[in-house]
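Okay, so here's the structure we're looking at.
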Amino acid sequence: MVQEVLRLQNLQKSFGSVRALKSASFTLNEGEVVALLGDNGAGKSTLIKAISGVFPIDRGDIYVRGQKVSIRSTRDAMDLGIETIHQDTSLAPDLSIARNLFLGREPVNLKWLGVFAPLDLAKLRDAASALLKRVGISKKLDADALVSTLSGGERQSIAISRAMQFAAKVIILDEPTNNLGVEETHGVLRFVKEVRDAGHSVLLITHNIHHVFQVADRIIVMRRGEIVAEQTVADTDLLTVESIITGADMSALLKEARAK
Amino acid sequence: MPVGKRRSSLIRSPQFSSLVILIVLLAVFAIADANFLSPLNISNMMAFLPELGIIALGMTLLLTAGEFDLSVGAVFGLAPVVVMLLVQNGGVDIGVALLAGLLLCIAIGAINGLIVTKIGISSFLVTLSMLLVVRGAALYITQGFPLKSWDQPGFFVTLLAGSFNIGSFRFYTSLWWFVGLSLLAVYVLRYAKLGNWISAIGSNRNAAVARGVPADAVKIWLFILTSVLAGLAGMISAFRISAASPVAGTGYELEVIAMVVVGGTALTGGRGTILGTIVGALMLRAIRNGIVLIGVPGLAYNIFVGVIILAMLILHALLQKNAARS
Ligand SMILES: Nc1ncnc2c1ncn2[C@@H]1O[C@H](COP(=O)(O)OP(=O)(O)OP(=O)(O)O)[C@@H](O)[C@H]1O
Ligand SMILES: [Mg+2]
């Protein structure tokens, strides 16, 4: 039986007069990779930022495992098992790789000291090294190296390994293969399959339709703040999806005309 | 990291180059004037050092988080004025008066922090306005005159500005405050969870927030801390010279920021070093003291201080470029 992990109902979000998200509803099941597609400005990043608590939604409901939840902060989302890798890189360049990997969830000694607790530096470094080895997306990276000295692709790998580390229920990737070389791109796609096989759910945003057909189970297409199509990968093909995204598809055009 | 690599990164670090320059400067002054290293002169330098140094510690943390505070000099002036007025004219117990001063500093810092984070106005503008408000308040409540001199020794005076002799050196207890607070600041910035957050916030605020770091709360507390340290430094200074003046601390904000950036902390946030700040504080103190001794005319001091600060900043920028390339 398919187990529902995340369900969105009528999510709405405006920035002043810009209605970035008019109404979005969909369901993400356990062990499923859903690709979220759409042209620039369609509202994809806005949707996932709402789910990951970057900003509050205006209206709508979010359910995690059937339970209605309110996500008011990024911490709320993380505690619910939702890890997000944002498009606008989510690392602090002046910190080391190890410190970035554990940012917000630092291993500490003397926990009762709260924010003044000393970092467990040995554990931090060891866990970071182990993680980098496990991901294997990139060659040898020193856990003590500053993120500012890394390439864009290497940074992306670090962000992805971090989501992996915390074994979230839902992993959201906003254009993770942007700026990546061939090898790194394959690493990311392999990672997506791996976490799916481990039972996690993945919401993948990308402009590369080929990647979608390599890893996704289902496709959701957004246009101008709305979800305009939802299909299983097995039931569709590349050209159809492409035409839905651009809006050139006749049936979509008709539907739009009728709506007006 | 292999030892060799760690050593070379230490040598290339900004606080290390600042330290080298400090040593060179000390040597130059010592050779130019034998009195520079005399017990009396060293004691003098050490008396002034903690007052600006303590503020610089708070400023370093604040700058590392990507904000700064121009109102510290004014708070340095207002806090002792309020405390001493309460005691001298209001008949309030000194302990209670100090508590009131502390609350005042907390309030000033909290207002700075809340406006910067919640309304989103740059800290430059907010704290510049606060500087005027605070300095204006100090001038108004004193009608512009220094208070009558402080003649009540006691526990708090000894605690903040007592002095003791080691051989022919005379030290003030404020030096212990500076040493203790420095150690605390080094610990927090380098080894505590909070330090990781502070650097991350200054380096990429969105990234930190996305990881659940309470960026606004951290910044507000750092504004409060900086204000409280400025007030503490003001009290130390006032007790040491047994007087409070509404214009005390004028221009200190820039001197403190200079100490911090000369030490290698980035004005743009993300990279802060307490050790660098201590070196920076020592350096500015030594420069101000040294150029008097070697006979630079009084009105020319600031030319020298400015040129040396510029030279330091250029050096840091060049080192930074080099490090990025290698
Ligand atoms: N913080 C914001 N303030 C105002 N408008 C915003 C904000 N964030 C997004 N928008 C607007 O909302 C719309 C949707 O943006 P969004 O970033 O969600 O697009 P996207 O689908 O992720 O596009 P891309 O593929 O280019 O990343 C755009 O018109 C954008 O200009
Ligand atoms: Mg986007």
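The values are calculated or read from the model by the stated rules, or taken from the named source; none is laboratory data. Keep in mind it's a predicted model, so treat the numbers as computed, not measured. So basically every Cβ, Gly included, is an ideal-geometry build from the backbone, and we count neighbours across all protein chains shown.
B:Gly77 satisfies every condition listed in (1) within 17 Å of B:Gly251 (Cα to Cα); (2) touching an Asp or Glu at 6+ places or on another chain (Cβ under 8 Å); (3) part of a helix (DSSP H, G or I) except (2). Candidates are the residues of segment B:198-210 that are facing chain A (nearest Cβ under 7 Å) and surrounded by 22 or more Cβ atoms within 10 Å (Cβ to Cβ); the one that is modelled with the lowest pLDDT is B:Ala210.
Restricting attention to segment B:1-20, report how many residues are more than 19 Å from the chain's Cα centre (by Cα) and at pLDDT 85 or above.
Our first condition is that a residue be more than 19 Å from the chain's Cα centre (by Cα); within segment B:1-20, this holds for B:1-13, B:16-17, B:20.
Cutting the leftovers down to at pLDDT 85 or above gives us B:20.
Adding up the residues that qualify gives 1.
Under the condition of being buried (at least 18 other Cβ atoms within 10 Å of the Cβ) and at the interface with chain B (Cβ under 8 Å from one of its Cβ atoms), the residues counted in segment A:119-130 number 1.
Selection over segment A:182-219 of residues that are more than 16 Å from ligand 2 (Cβ to nearest atom), of a type in the set (S, T, N, Q) and not in a helix (DSSP H, G or I) gives a count of 1.
Filter segment B:94-153 down to residues that are surrounded by 18 or more Cβ atoms within 10 Å (Cβ to Cβ) and part of a loop (DSSP other than H, G, I, E, B), then give me how many there are. Result for segment B:94-153: 2.
In the set (1) within 16 Å of ligand 2 (Cβ to nearest atom); (2) without any contact (Cβ under 8 Å) to a residue 24 or more places away in the chain, A:Asp79 fails one condition alone, (1). Annotation note: Cβ proximity below 8 Å between a residue of segment B:261-278 that is more than 10 Å from chain A (Cβ to nearest Cβ) and a residue that is among the charged types (D, E, K, R) (sequence gap 6+ or interchain) occurs for B:Gly264/B:Arg271; B:Thr265/B:Arg271; B:Ile274/B:Arg190. Which one is nearest to the other protein chains (Cβ to nearest Cβ), of the residues in segment A:19-78 that are in contact with a helix residue (DSSP H, G or I) (Cβ under 7 Å, 6 or more places away or on another chain), within 14 Å of ligand 1 (Cβ to nearest atom) and among the small types (Gly, Ala, Ser)? Restricting to residues being in contact with a helix residue (DSSP H, G or I) (Cβ under 7 Å, 6 or more places away or on another chain), within 14 Å of ligand 1 (Cβ to nearest atom) and among the small types (Gly, Ala, Ser), the top hit is A:Ser52. Mind listing whichever residues of segment A:79-103 are surrounded by fewer than 24 Cβ atoms within 10 Å (Cβ to Cβ), within 16 Å of ligand 1 (Cβ to nearest atom) and hydroxyl-bearing (Ser, Thr, Tyr)? Matches in segment A:79-103: A:Thr89 only. Only one of the numbered conditions (1) under 29 Å from A:Ile158 (Cα atoms); (2) within 14 Å of ligand 1 (Cβ to nearest atom); (3) assigned to a strand (DSSP E or B) is not met by A:Ser14, and that is (1). Here segment A:164-181 is the region considered, the condition is being aliphatic (A, V, I, L, M) and in contact with a Ser or Thr (Cβ under 6 Å, 6 or more places away or on another chain), and the residue that is farthest from ligand 2 (Cβ to nearest atom) is A:Val170. For segment A:86-97, which positions are facing chain B (nearest Cβ under 10 Å) and not hydroxyl-bearing (Ser, Thr, Tyr)? Matches in segment A:86-97: A:His86, A:Asp88, A:Leu91, A:Ala92, A:Pro93, A:Asp94, A:Leu95.
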